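This report concerns only the one structure given below.
Please treat every number below as a calculation from the coordinates, not as lab data. Please read all numbers here as calculations on a predicted model, not as lab measurements. Note that each Cβ is placed from the backbone with ideal geometry, even for glycine, and that neighbours are counted across all protein chains shown.
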Amino acid sequence: MLRRIQAWDDRMLMQFARRHTPFMNKLMILITTSGDNGYIWFALTVPFLLMNRFRLLGFTILAALGIASLSGEIIIKHIVKRIRPCNKAFEEYLLIENPPHYSFPSGHTTASFAVAAVMAAVCPVWCGSVVIYAFLIAFSRLYLLVHYPTDVLCGMIIGTVCGLIAIPVAQSIPLFSFQIG
């Protein structure tokens, strides 16, 4: 079963590698770089933290990012220890610096979907652009061949769960348990 999944992952990535174009290369590098270390999501959070009305939302996003990082980057990656595709046969197609950590799950995707889940649950009016950007970041990780499709799919699931867990966690902290808008 694992061999079949790996074979599917490899086939899918070769499809991405064959479709690289100069414009898409630049665009995907820009999008994935914005997701490095959650920069785009922290930038999104700052205005919320500065407004009393939305401060709980800001802290909920931070909680989601923390839970996602702990579960994906610190726990799951070090249990699974999956080697990145760019460390194998895809190295000649690599457009960005080879990431130093394990592949499964995609940290960029996990963080992005944690934020998207919070926004969808707490602030559905604003969630559309966040969800679209989360998908773009996930796609960029595939396009740039630094993750397998299953890394990204599982990152979506794990991130969504982390985001949904963060909502009651943030609301249970008395300092931040006031209503949004």
*Shape of segment 1-41 from its Cα gyration tensor (a ≥ b ≥ c, root eigenvalues): rounded if a/c is under 1.5, otherwise prolate when a/b > b/c, or oblate?*
oblate
*For Cα extents along the principal axes in Å, calculated from these coordinates, the label among (1) 84, 55, 43; (2) 52, 36, 24; (3) 57, 38, 25*: (2)
_Amide hydrogen neighbours beyond the local backbone of Arg84, cut-off 5 Å, H modeled_ = Ser103
*Please give the helix 39-50 orientation as an angle from the longest Cα principal axis of the chain, in degrees from 0 to 90, rounded to the nearest 10.*
0
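What does the helix-only formula give at 222 nm for the chain: each DSSP H stretch with n ≥ 4 adding -39500 (n - 2.57), the total divided by the residues, and the result rounded to the nearest 500 deg cm²/dmol? Write out the running numbers ahead of the final one.
Values: 8 runs with 118 residues, N = 181.
Per the formula, -21500 deg cm²/dmol.
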*Using Cα atoms only, what is the angle between the long axis of helix 127-143 and the major principal axis of the chain, expressed in degrees (0 to 90) to the nearest 10?*
20
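For the ranges 124-130, 151-157, what's the packing order if you count other beta-carbon atoms within 10 Å of each residue, average per peptide, and put the highest first? Walk me through the numbers before you get to the answer.
Numbers: 124-130: 13.3, 151-157: 21.9.
Per-residue Cβ counts within 10 Å, averaged per peptide and sorted highest first, yield 151-157, 124-130.
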*Using modelled backbone amide H atoms (1.01 Å from N, in-plane), which distant-in-sequence or interchain residues come within less than 5 Å of Val146's amide H?*
none
